[in-house]
Amino acid sequence: MIYLLLSVLSSTIIFIVFRLYKKYEVNTLQAIVINYFIACAVGFFGFIEGSDFTEVPSEKWFPGALMLGVLFITVFNLAAITTQKSGLSVVAVATKMSVAIPVFCGIFLYNESTGVLKIAGILLALVAVYLTSIKTKDGISIKWQNLIFPLLVFLGSGIIDTSLKFLETNYVSKTDVGLFSSTIFATAGFLGVLVMIYQAVRGELKFQFQNLLGGIALGVPNYFSIYFLVLALRSEGYESSTIFTINHVSIVALSTIVGIVLFKEKLIRKNWIGLILAMISIILVANSAI
């Protein structure tokens, strides 16, 4: 469970960094692109020993890593569009509710266990994610013509987690976790550069130093959030449906607590109920694995 805890902590740091972007006027797209290269570098120089990088394209997991890299940058852009059209709460709900996809895939494709505690915990987790994500008493509202964007974010985020499980189970050896993670980030980074080149051609690109710092601050925890999640999925005695549920709900709960402590966020009653349900769901799902 130590790897799961480290993944949750890394993801929570990502939340903190994103919150600081607005304060320091960091361009999110530029910082995201830089972040991918920083995350890639962390893996290459810190967690990969004696690897022949020229052999990477011949690895069985390479096509999957490329696909994940494409999904990373695509889902990010879809999330940005969703934020503009429907608000941050909608993005938060779509991203975190996507945990349902890898959880149900784990149960139905990998024949993972089910039980009263586990099912109850998963259902409570979904309710908790929704309640902690909404920031208005009236809940969230989406115009029907904009519904496609959060749906794509939901599907894309769920496919990313499900693909990580599939590749980790079938193709990625224990010694290749670092190389696999770095390849994903490198792919997303290069695609991001293409987007920035397009912006430069259109005269829309304006680089500022804080964007570089923002990318560095994001890249390190971003790498570890994926690296430790893959290692957590390898933990003996814990199924992927358990890992993904606890991971997502813990991130939501811890990020909410951090928002209260560090950023003086004011929670409405629904948020507090969601936070309590999140704690209960973690206990239920964790106990179902014992």
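The values are calculated or read from the model by the stated rules, or taken from the named source; none is laboratory data. If you're wondering where the values come from, they're calculated on a predicted model, not measured in any experiment. Cβ coordinates were reconstructed from backbone atoms using ideal geometry, including for glycine residues, and neighbour counts include every protein chain displayed. The protein model used for the area step is the full one, side chains on, heavy atoms only, and it has no ligands, DNA or RNA in it. Shrake-Rupley method; radii C 1.70, N 1.55, O 1.52, S 1.80 Å.
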*Test A65 against the criterion of being surrounded by fewer than 18 Cβ atoms within 10 Å (Cβ to Cβ) and part of a helix (DSSP H, G or I), and give yes or no.*
no
*asked:* farther than 25 Å from Y223 by Cβ, among the charged types (D, E, K, R) and modelled with pLDDT of 90 or more: is that true of K118 in this structure?
replied: yes
*asked:* Out of the residues in the range 276-290 meeting the condition of being β-branched (V, I, T) and surrounded by fewer than 19 Cβ atoms within 10 Å (Cβ to Cβ), tell me which one is farthest from L126 (Cα to Cα).
replied: I290
*Check the range 68-77 and report whether any residue there is surrounded by fewer than 21 Cβ atoms within 10 Å (Cβ to Cβ) and more than 30 Å from A278 (Cα to Cα).*
yes
*Tell me, which helices (runs of 4 or more DSSP H) wholly within the range 102-203 include 1 or more residues that are among the acidic types (D, E) and surrounded by 19 or more Cβ atoms within 10 Å (Cβ to Cβ)?*
148-170
*Identify the single condition in (1) more than 17 Å from S240 (Cβ to Cβ); (2) more than 16 Å from the chain's Cα centre (by Cα) that F166 does not satisfy, given that it satisfies every other one.*
(1)
*State whether the residues of the range 38-56 include one that is within 21 Å of V230 (Cβ to Cβ), acidic (D, E) and assigned to a helix (DSSP H, G or I).*
yes
*Regarding G43, is this residue modelled with pLDDT under 95, crowded, with 19+ Cβ neighbours inside 10 Å and at negative phi?*
yes
_For the range 78-89, give me the residue count where each residue is open to solvent by 40 Å² or more (accessible area, probe 1.4 Å) and at pLDDT below 80._
3
*Would you pick out the residues in the range 205-243 that are part of a loop (DSSP other than H, G, I, E, B), open to solvent by 40 Å² or more (accessible area, probe 1.4 Å) and among the small types (G, A, S)?*
G237
*Look at the range 257-275 and say how many of its residues are within 29 Å of S113 (Cβ to Cβ) and either open to solvent by less than 30 Å² (accessible area, probe 1.4 Å) or under 22 Å from the mean Cα position of the chain (by Cα) (or both).*
2
